[in-house]
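Engineer: First the structure, then my questions, so here it is.
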Amino acid sequence: MNILFFLTPKSDVAYVREDDTLRQALEKMEHHGYAAVPLLSVDGKYIGTLTDGDFLWGLKEKDFPGLREMEDISVMEIRRGYDNKPVHINEDMEGLLEKVTVQNFVPVVDDEKTFIGIVTRREVINYLTGQRRREAAGTVTHREVIFNS
């Protein structure tokens, strides 16, 4: 199975760019209700992942600036604790499953390392659950549950 089946395209993903301010990034995360978002370069390359914990520790390091002061702080000044590991667009299902078991979302990049979207753990679990139900009903084989080959 091609991982593009699970892809949420970049146009539908909330992300932060390296030229955003701390305030812009926090407001974007608050608006969407996310605890983590992809961080992209100005030219669309995947840099890493920003989490609410990164912001918390970053605010502490900056002596808890006010909202106006956050407009002068680059999001790149925030130290990231952990970056979600991306997969290549041609990654196989085993590679995707390895990452999705430890990450809420898996960034997907192309040959140029350009961010094209994410695969969420929820989408993979929902798919596998549906396949399992179909297998129990006798409409799909066990091999198709995981690999859909």
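Readers should treat all values here as calculations from the given coordinates under stated rules, not as data from a laboratory. Remember, predicted model here, so these are calculated numbers, not experimental data. Glycine gets a Cβ as well: all are built from the backbone with ideal geometry, and neighbour counts include every protein chain shown.
Engineer: Would you mind checking which residues have amide H under 5 Å from residue 50's amide H? H placed 1.01 Å from N; only 5 or more apart, or other chain.
Structural biologist: Counting only residues 5 or more places away or on other chains, the set is 37, 39.
Engineer: Let me ask another. Convert each backbone phi in the stretch 58-73 into a coupling constant with the Karplus relation 6.51 cos²θ - 1.76 cosθ + 1.60 (shift: θ = phi - 60°), then list the ³J(HN,Hα) values in order as whole Hz, x for Gly and Pro.
Structural biologist: x, 5, 4, 4, 8, 6, 6, x, x, 4, 5, 5, 5, 5, 9, 10
Engineer: Right, next: Of 22, 96, how do they rank once you tally other Cβ atoms within 10 Å and put the fewest first?
Structural biologist: With the sparsest Cβ surroundings first, the list reads 96, 22.
Engineer: Could you list 98, 61 so that the one with the fewest beta carbons within 10 Å of its beta carbon is first and the one with the most is last?
Structural biologist: Numbers: 98 14, 61 11.
The fewest-first ordering by Cβ neighbours comes to 61, 98.
Engineer: Let me ask another. For mean projected area of the Cα convex hull in nm², one of (i) 9.5; (ii) 10.2; (iii) 8.8 was computed from the structure I shared and the rest are decoys. Which label?
Structural biologist: (i)
Engineer: May I pose another question? Among 78, 125, 89, which comes first, then next, by fewest other beta-carbon atoms within 10 Å?
Structural biologist: Working: 78 23, 125 11, 89 16.
The fewest-first ordering by Cβ neighbours comes to 125, 89, 78.
Engineer: Non-local amide H neighbours of residue 20 (under 5 Å, H modeled in plane, Pro and chain starts lacking H): which ones?
Structural biologist: Sorted by chain and number, the residues that satisfy this are 75.
Engineer: Further, regarding this structure: If you fit an axis through the alpha-carbon atoms of helix 121-136 and take the longest principal axis of the Cα set of the chain, what angle between them do you get, 0 to 90°, nearest 10?
Structural biologist: Once rounded, the angle reads 10 degrees.
Engineer: Per DSSP H run of n ≥ 4, the term is -39500 (n - 2.57); total these for the chain, divide by its residue number, and report the mean residue ellipticity at 222 nm rounded to 500 deg cm²/dmol.
Structural biologist: Values: 6 runs with 54 residues, N = 149.
-10000 deg cm²/dmol, from helical runs alone.
Engineer: Can you list the HN-Hα couplings for the stretch 98-111, worked out from phi with the Karplus curve (6.51, -1.76, 1.60; θ = phi - 60°), rounded to whole Hz and with x for Gly and Pro?
Structural biologist: Coupling constants for the stretch 98-111: 4, 6, 5, 6, 10, 10, 5, 9, 10, x, 10, 10, 9, 4 Hz.
Engineer: Anyone know which of 81, 66, 44 comes out most mobile in the 10 Å Cα GNM of the chain?
Structural biologist: 66
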